[in-house]
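Contents: one structure, followed by commentary.
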Amino acid sequence: MMEKLRKAAEVQRYPEWGMGPSNAGSCNSRPQETEFFKDGGDYRSPYGKFFLSWYSQTLIEHGDSVLKMANLALKDVKISAKVREIVIKK
């Protein structure tokens with residue numbers, strides 16, 4: 001994943017964006033307790049928008065891959081998934 005992020009950052013011509021956010025807390029952090037996710041936080045910055053867009057697309061691609069594999073394994077079962085779009089207001 002980190003290699004994919006690094007390559008995506010290079011495509012955008014911002015190689016320094018090739019790392020995940022260092023101020024997003026841990027899995028047990030509450031969003032408002034982090035500099036990245038708090039109200040008005042770094043998620044609104046150009047880097048934050050790049051990272052969240054990249055990460056969201058990566059999750060969608062992973063879900064698509066899992067659904068394709070499930071379709072192969074469960075040929076007679078209809079499988080679907082729903083992804084909610086989240087829009088960040090400027």
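Tell me yes or no: at least one residue of the stretch 39-57 is out of contact with any Pro (no Cβ under 7 Å at 6 or more places or on another chain), of a type in the set (Asp, Glu) and outside any loop (DSSP other than H, G, I, E, B). No, the stretch 39-57 contains no residue that is out of contact with any Pro (no Cβ under 7 Å at 6 or more places or on another chain), of a type in the set (Asp, Glu) and outside any loop (DSSP other than H, G, I, E, B).
Table: residues versus (1) out of contact with any Ser or Thr (no Cβ under 8 Å at 6 or more places or on another chain); (2) modelled with pLDDT under 95; (3) surrounded by 10 or more Cβ atoms within 10 Å (Cβ to Cβ).
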site: 5; (1), (2), (3): yes, no, yes
site: 24; (1), (2), (3): no, no, yes
site: 48; (1), (2), (3): yes, no, yes
site: 73; (1), (2), (3): yes, yes, no
site: 77; (1), (2), (3): yes, yes, no
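Within the stretch 1-28, the set of residues being within 20 Å of residue 62 (Cα to Cα) and touching a Phe, Trp or Tyr at 6+ places or on another chain (Cβ under 6 Å) comprises 8, 9. Taken together, the criteria place residue 30 among residues that are free of Cβ contacts under 8 Å to residues at least 40 places away in the same chain, loosely packed, with under 12 Cβ neighbours inside 10 Å and of a type in the set (Lys, Arg). Taken over the stretch 33-46, residues that are surrounded by fewer than 17 Cβ atoms within 10 Å (Cβ to Cβ) and either more than 23 Å from residue 61 (Cα to Cα) or out of contact with any helix residue (DSSP H, G or I) (no Cβ under 9 Å at 6 or more places or on another chain) (or both) amount to 7.
The values are calculated or read from the model by the stated rules, or taken from the named source; none is laboratory data. Not measured: the values here are computed from a predicted model. Every residue, glycine as well, gets a Cβ built from its backbone with ideal geometry; the counts of neighbours run over all protein chains shown.
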